[in-house]
Amino acid sequence: MDYYALDLIPEPVLIVDENYQVLFANKKAREIYGNRAETCYGLSHSFPAPCYEYEGHSCPVKNIRELGIEKSGVLHVHKTQEGERYFYVV
C-alpha cells in the first residue's frame, strides 16, 4: 500500500503493525523522529516496553488485540509530556 498521501497531513502519522513496529512515518513524523525503524512506543516516548505498561498511557494496538479484531484502522490521539498532540493510524 502506498502511504505517501499521508505526507499531506500536517501532524505526525505512524502506520504501526500488530507488533508495534512502525511500518511508515509520514513527512511530519520523519521531521520529528528522523528515519529510525523501531517500535511506536520507542519512537514516540522512548519507552523500552509498550505504552500500556505505563500508567496513564493507552494503546490502540492492545485494544484491537483484546477485542479480537483481525484488521482495523484506528485514529489514536494522545498528548506527550510536552502537551503536543500526535495522531497514529493503526
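Filtering region 11-28 for residues that are under 17 Å from Glu82 (Cβ atoms) and surrounded by fewer than 18 Cβ atoms within 10 Å (Cβ to Cβ) leaves a non-empty set.
Yes/no matrix, rows are residues, columns are (1) of a type in the set (Phe, Trp, Tyr); (2) in a loop (DSSP other than H, G, I, E, B); (3) in contact (Cβ under 8 Å) with a residue 60 or more places away in the chain:
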| position | (1), (2), (3) |
| --- | --- |
| Ala5 | no, no, no |
| Leu23 | no, no, no |
| Glu31 | no, no, no |
| Ala37 | no, yes, no |
| Leu43 | no, no, no |
| Tyr52 | yes, no, no |
| Asn63 | no, no, no |
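Looking only at residues in region 33-48 that are over 15 Å from Val16 (Cα atoms) and exposed (fewer than 14 other Cβ atoms within 10 Å of the Cβ), which one is modelled with the highest pLDDT? Across region 33-48, the extreme among qualifying residues is Pro48.
Scanning region 11-49 for residues that are under 15 Å from Cys59 (Cα atoms) and among the charged types (D, E, K, R) yields Asp17, Glu18.
The values are calculated or read from the model by the stated rules, or taken from the named source; none is laboratory data. The structure displayed is predicted, hence computed values, not measured ones. Heads up, the Cβs are rebuilt from the backbone with ideal geometry, glycines too, and the neighbour counts pull from every protein chain shown.
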